Amino acid sequence: MTTLLDWLRAQTDDADLGSVIVSMAASGVEIASVLRQAAIKGQIGVVGAVNVQGEAQKALDVISNDIVLNQLGQNPAVGILISEEMDEAVEMANQGRFIVATDPLDGSSNLDVNVTVGTIFSVLGVAGGLLQPGRAQLAAGYIAYGPAINLVLRISGDVAVFTLDDADQWVLTQAKASVPDSTAEYAINTARDRFWDAATTGYVRENVAGETGPAGKRYNMRWVGSMVADVHRILMRGGIFLYPLDSETRAKGGRLRLLYEANPMAWLIEGAGGRATTGRESLLEVVPTGIHQRIPVILGSSEEVKRVEAWYARG
Ligand code: AHM
Ligand code: MG
């Protein structure tokens, strides 16, 4: 059995970086326990506050953020915390070497229906400043709270998958996740098609046309509406995820956030052999202009992502 600590020791000589991941993993154990019992303890629903994104905060968003704040606050290696739930970057008292950018509980609109949600995180060096491109990430990962609780991690090499056992220990269950180059499964919120640009419409129409269309194969569509669940499926068996820039999200720059949703997921997908783009440029090259910046996200199996890029290149 390989535990998280065994894996970390083999992946990096930097014990401080390892400790940041251990703190996020510990947050995941706590959040998992809260999620399991939230309905019993009356923690479901909104708290009445609105976060910096203008979205109603759920009780569990706030609790999850507090758990991460508390865990990272105890870790001397952490200098700055950026969270979807907090307006400003928080300078931690310990003034450590690392920045953690996190969405403590992504997919919270799904909380009341008991589908997989997750914690997404990205680790950067403090020296690089708050606004570093995804390529500068030192580590990234997510925790998926589903039928099994998975921690998916990359430091710089392979993407590893851990599963939480009954003793709250993270056990390595897949040493090297690999996204197949080709797929016949795509994930996009098709209810938004009236807002789509020509590239998205063109690509999806080809898929819907199936075996008699230009793609020459029959596709299936899957959309959980919870990024961790959708990306996890793609990491496990391939596929493509699209949240493109559409006419409704254009003014905001997209729907998903660059620092703590798009970048960590893009870094994981690329580490597993997949590809990630905004449609017009590599996602990991985008230099952020703000900590809560939004961005179009297209990621997954490389052949499909390249087909979408080809559509964008046409106009
Ligand atoms: P959140 O951070 O407020 O939970 O929003 C992000 C979520 C993603 O998990 C998911 O991919 C997307 O929003 C779903 O959007 P939509 O509701 O438009 O389908
Ligand atoms: Mg989110």
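Read-outs: derived from the displayed coordinates by stated rules, not from any lab. Remember, predicted model here, so these are calculated numbers, not experimental data. As a convention, Cβ positions derive from the backbone with ideal geometry for all residues, glycine included, and neighbour counts pool all protein chains shown.
What are the lysines whose alpha-carbon lies under 29 Å from the alpha-carbon of K176, with same-chain residues fewer than 8 places away excluded? In chain and number order, the partners are K217, K306. Straight-distance candidates among the lysines for linking to K41, with alpha-carbon spacing under 22 Å and chain neighbours fewer than 8 residues away dropped: K58.
Which of M265, M86, M24, M221 comes first, and how do the rest follow, when ranked by fewest Cβ neighbours within 10 Å? Working shown, then result.
Working: M265 33, M86 18, M24 27, M221 13.
Ranking M265, M86, M24, M221 by Cβ neighbours within 10 Å, fewest first, gives M221, M86, M24, M265.
Remark: F195, F241 ranked as F195, F241, counting other beta-carbon atoms within 10 Å and listing the fewest first. Note on M1 and A191: their simple-model spin labels are 4.3 nm apart, each label 7 Å out from Cα toward Cβ. Sorting the segments 158-166, 125-133 by their mean number of nearby beta carbons within 10 angstrom, highest to lowest, gives 158-166, 125-133.
Peptides 149-157, 203-211, ordered by how many other C-beta atoms sit within 10 Å of their residues on average, highest first, read 149-157, 203-211.
For a paramagnetic label modelled at 7 Å from the Cα of L130 toward its Cβ, which residues of segment 87-105 fall within the zone defined by backbone nitrogen distances under 18 Å? Residues 87-104 qualify, since their backbone N sits under 18 Å from the label point.
With the highest mean first, a sort of the peptides 33-43, 66-76 on other beta-carbon atoms found within 10 angstrom per residue produces 66-76, 33-43.
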